[in-house]
Amino acid sequence: MDSAPSPDRTGVGYLPSAARTLMKLVVTGPFGVGKTTLIRTLSEIATLHTEEAMTQSSTRIDSTAGLPEKTTTTVAIDFGRLTVHDDLVLYMFGTPGQERFLPLWEDIARGALGALVLVDTRRLADSFAVMDMVEEQGLPYAVAVNRFPDAPAHSDEVLRKHLDLDDTTPLVQCDARERRGSIDALIALAEHALTRMPQPEDAS
Amino acid sequence: MTPGPARRLIPAYLVTGGRSRPAGPALDRLAVLVRTDAHVPDDAGTQARRLCDLLEPGALTVVECAAHLDLPVSATVFLATDLAATGLLLTRPPIPSAGQIDRSLVERLLVGLRSLP
């Protein structure tokens with residue numbers, strides 16, 4: 001049977017008409033840590049990406065002119081969307097954690113609720129630079145250990161010690177392919193962001 | 001993040017007519033774009049027409065439009081700003097009132113996240 005025509009035959013995934021408030025957070029971490037997987041797990045639309053141009057001074061010397069080359073490269077930023085209430089929609093941007101992406105990072109992180117830093121226990125050290133960058137930005141963050149099936153399991157205490165985490169920084173362990181755990185990671189980040197916001201003025 | 005495909009982007013100047021700034025305040029990448037009833041003029045550019053066509057069935061953010069049209073976000077901001085100035089689109093900031101995340105918003109987000117299936 002042919003499927004009935006719908007107003008959204010293209011599969012674009014238009015915004016709910018009641019959506020009034022759009023929030024965003026950054027999902028970051030080293031290459032291959034599962035950023036896009038987590039976004040795909042949570043997103044109600046097929047994950048999309050934008051091509052973002054980055055201009056950077058290359059250390060390479062142009063052999064013909066003898067001048068430092070300025071190169072423009074593009075990087076694809078994956079993102080997804082999760083309607084949390086009828087009127088409240090959360091966007092998740094998968095943002096590379098390398099220092100050379102900093103200008104792009106700042107642009108995407110501006111106005112964001114916070115960052116979820118994904119970690120792979122097989123290469124904890126790869127996440128240090130990312131955590132430094134997020135801290136320098138002053139963005140609230142939570143650490144989510146993406147439990148790969150073949151990665152060694154560690155207790156939270158051991159991971160906290162090796163990641164040198166502040167006591168107040170949330171640490172969750174999840175499987176980025178699994179919805180419940182990924183939502184819990186977002187909740188940990190949102191709770192942490194809330195604690196960092198100024199308390200409302202006493203109404204009395 | 002995935003490595004970008006080996007495809008040439010449409011140069012931004014082809015969309016922007018060579019200008020480096022849009023004719024209005026810069027739109028947030030999460031600004032919501034809504035198509036109005038205004039008729040798309042016959043001399044509208046290809047990219048302007050594509051954006052209007054995309055938004056015909058419903059609203060999308062700037063960044064979603066950029067992704068669907070394979071345009072840079074900055075070029076999409078230009079297009080949307082121009083189309084809003086000529087009455088073809090309405091634009092709405094992502095956070096309505098104060099334009100900032102406050103405690104009540106995060107509290108609502110938490111209630112929503114906790115009640116997700």
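Taken together, the values in this text are just the output of simple stated rules run on the coordinates, not laboratory data. All values derive from a computational prediction rather than experimental measurement. Cβ coordinates were reconstructed from backbone atoms using ideal geometry, including for glycine residues, and neighbour counts include every protein chain displayed.
If you go through the stretch A:149-186 and keep only what is assigned to a loop (DSSP other than H, G, I, E, B) and surrounded by 11 or more Cβ atoms within 10 Å (Cβ to Cβ), you end up with A:151, A:154, A:165, A:169, A:170, A:175, A:176, A:177, A:178. Of the residues making up the stretch B:55-90, those that are farther than 22 Å from residue A:92 by Cβ and within 9 Å of chain A (Cβ to nearest Cβ) are B:55, B:57. Please determine whether any residue of the stretch A:135-146 is surrounded by 14 or more Cβ atoms within 10 Å (Cβ to Cβ), part of a loop (DSSP other than H, G, I, E, B) and under 13 Å from the mean Cα position of the chain (by Cα). The answer is yes, given that some residue of the stretch A:135-146 is surrounded by 14 or more Cβ atoms within 10 Å (Cβ to Cβ), part of a loop (DSSP other than H, G, I, E, B) and under 13 Å from the mean Cα position of the chain (by Cα). On inspection, residue A:186 qualifies as more than 13 Å from residue A:30 (Cα to Cα) and out of contact with any Gly (no Cβ under 9 Å at 6 or more places or on another chain).
Among the residues of the stretch A:86-125 satisfying the criterion of being in a helix (DSSP H, G or I) and more than 14 Å from chain B (Cβ to nearest Cβ), which is nearest to residue A:26 (Cα to Cα)?
Selected residue: A:102.
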